[in-house]
Amino acid sequence: MKKNLKIFVYLFFFSLFSGIFSSPVTAEDRKASEILEKAINIIAPKIFLAEIEMTYLRSDGSQAKYKMILKHKNYKYSLVNFLEPEREKDRQVLRIEENLWSYMPKTKKIVQVSFDSDFMGGDFSNQDIVRLNLLEDYTPELIKETENQYILDLSPNGKGFSYAKIRFWIRKKDNMPLQAYYFSRNGSPLKKLIYKDLKDFDGFTRPSVYEMTNLAENTKTYMIFVSFKKLETLPETTFYKENMGKY
């Protein structure tokens with residue numbers, strides 16, 4: 001009996017103090033999350049397939065160009081298949097939840113890579129390409145609301161993410177993403193992303209060009225969406241690690 005009483009008292013005080021010291025979800029918190037979620041559904045619906053051309057403009061004036069197919073499912077799985085240039089053809093990058101691998105066709109090896117590494121040496125990180133649900137990784141705060149825009153600050157939910165903060169501009173009338181600044185841990189702006197050239201992809205309107213500027217290196221990378229299609233499903237086998245390099 002005494003043992004049961006002690007357990008009851010412990011649970012009572014634990015629940016009491018947990019409620020006191022935990023941060024309650026406010027109406028502003030919910031509003032910020034809803035705004036970000038609607039913007040994410042434009043950038044990255046739950047399941048999609050896209051053909052992308054990427055151009056990296058180096059500071060010395062040279063360029064690197066890639067063409068790829070991106071398949072994405074449920075914000076947990078992403079697969080990039082490289083089509084061009086010839087030296088990178090059949091290369092793959094696969095995300096399965098918290099793991100990321102790259103398949104190298106020349107050596108036929110699969111190596112694990114980090115989310116915060118540069119994607120193909122350009123200004124986007126691997127996280128930017130395959131980890132698309134910002135609402136899972138960051139907590140949004142609505143810091144300003146104008147007549148036409150929302151401005152959100154996104155703080156990471158833990159360690160290991162590429163950016164210490166993201167400031168996100170979203171158009172009010174349709175929740176269209178406009179631009180984002182990415183910050184380091186010391187508060188310095190690292191990159192600027194502009195969403196450009198709205199295009200109708202079979203009834204789904206979204207930006208067709210992403211312009212990422214590395215503010216420190218004075219370089220730019222463009223992601224151009226040649227095609228974009230929302231899907232109902234994708235086969236689970238598409239995202240099996242053991243299938244990398246097979247198709």
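Taking the Cα centre of the stretch 163-247 as origin and assigning +1 to Lys and Arg Cβ atoms and -1 to Asp and Glu Cβ atoms, the resulting dipole is close to 420 debye.
Anisotropy class assigned to the stretch 191-247 is oblate, per the alpha carbon gyration tensor with a/c at or over the 1.5 cut-off and a/b no larger than b/c. Computed about its Cα centre, the charge dipole of the stretch 49-191 is approximately 300 debye, with only Lys, Arg, Asp and Glu carrying charge at their Cβ. Cβ crowding within 10 Å, taken as a proxy for footprinting-reagent exposure, orders D118, D202 from fewest neighbours to most as D202, D118. Taking a point 7 angstrom from the Cα of I96 along the C-beta vector, which residues in the stretch 124-165 have backbone N less than 17 Å away? So the set is 131.
In the chain, a dipole from Cβ-located charges (positive for Lys and Arg, negative for Asp and Glu) runs towards its positive end, and of F119, Y103, Y195 it is Y103 whose Cα lies farthest in that direction. When the Cα positions of P45, L178, A216 are compared along the charge dipole of the stretch 26-243, A216 comes out farthest toward the positive end, with charges on each C-beta of Lys, Arg, Asp and Glu. Using a cut-off of 32 Å between Cα atoms, the listed pairs K106/K192; K108/K165; K73/K109; K106/K159 include K106/K192; K108/K165; K106/K159 as exceeding that distance. Only the Cβ atoms of Lys and Arg (+1) and of Asp and Glu (-1) were treated as charged; on that basis the dipole of the chain about its Cα centre amounts to roughly 640 debye. At a Förster distance of 35 Å, what's the computed FRET efficiency of N74 paired with K199, Cβ-Cβ distance as r, to 0.05? It comes to 0.90. Straight-line cross-link reach from K173 at under 15 Å between alpha-carbon atoms covers these aspartates and glutamates, not counting any fewer than eight positions away in the same chain: E34, E37, E145, E147.
Could you please state, rounded to a whole Å, how far the C-alpha centre of the stretch 55-80 is from the C-alpha centre of the stretch 31-46? Cα centroid of the stretch 55-80 versus Cα centroid of the stretch 31-46: 22 Å apart. Rounded if a/c is under 1.5, else prolate if a/b is larger than b/c, else oblate: which is the chain, with a ≥ b ≥ c the root eigenvalues of its Cα gyration tensor? Prolate. Taking the longest Cα principal axis of the chain as reference, the axis of helix 2-21 is set at about 60 degrees. For the stretch 59-197, just say rounded, prolate or oblate: build the C-alpha gyration tensor, square-root its eigenvalues into a ≥ b ≥ c, call rounded for a/c under 1.5, and beyond that prolate if a/b exceeds b/c, oblate if not. Cα axes put the stretch 59-197 in the prolate bin. Here the stretch 164-203 is scanned for amide nitrogen atoms under 16 Å from the site 7 Å beyond the Cα of S59 along Cα-to-Cβ, giving 189-192. In the chain, the longest principal axis of the Cα atoms and the axis of helix 27-43 are about 20 degrees apart. Rounded to the nearest 500, the 222 nm mean residue ellipticity of the chain from helices alone is -5500 deg cm²/dmol, with -39,500 (n - 2.57) taken per DSSP H run of at least 4 residues.
Read-outs throughout are calculated quantities, based only on the coordinates presented, and are distinct from any laboratory measurement. No experiment lies behind these values; they were computed from the predicted model shown. Ideal geometry is used to build each Cβ from the backbone, glycine not excepted, and the neighbour counts take in all protein chains shown.
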